[in-house]
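**Student:** One structure is given below, represented as structure tokens, and several questions about it will come after.
No lab work stands behind these numbers, since they all come straight from the coordinates. Since the structure is predicted, the reported quantities are computational estimates derived from the model, not experimental observations. Reconstructed Cβ throughout: ideal geometry from the backbone, glycine too, with neighbour counts over all protein chains shown.
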Amino acid sequence: MDEVKIRDVMIKKVYTIGPEEKIALARLKMLRYGVGALPVVKEDNMLMGMLTLRDISLSGTNIGNLQVKDLMTKNNLITGTESTKLIEIIDMMSKTGIQRIPIIDAVGKLIGLMTQSVLIRSFRLLVK
């Protein structure tokens, strides 16, 4: 398992949202695509934060005018790189409880996403 790199198993087609978009659009995208979170990126795909369905749910009902940047997590983001070992991602998720980890390149651009379900599928392949 130490030899498997994130680049081998990460989700490469990641649904994202911009920081200026409305929370209602973010929620709609999450529901439409069946995802629990969206990485928040600038136009150049630079990662700015993460927005989860839980963030939206905990913010109450009066969110009509809020933008994604108002609710996203932006400080102390846990990220990985495509060379991060699978076991390191498992350790990050175990220690923090975070279920989705954005994968970035050397300058901070989003290139993928690692989720608990991807980890489970990857592990399953390894223990056939």
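**Student:** Just to confirm my filter: which helices (runs of 4 or more DSSP H) fall fully inside the stretch 7-102 and include at least 2 residues that are surrounded by 13 or more Cβ atoms within 10 Å (Cβ to Cβ) and touching a Gly at 6+ places or on another chain (Cβ under 8 Å)?
**Tutor:** Working: elements: 23-33, 53-58, 68-71, 86-96.
It comes to 23-33, 68-71, 86-96.
**Student:** So, one more: Pull up the stretch 1-56, narrow it to residues that are over 12 Å from the mean Cα position of the chain (by Cα) and small (G, A, S), then point me to the one that is farthest from L86 (Cα to Cα).
**Tutor:** A24
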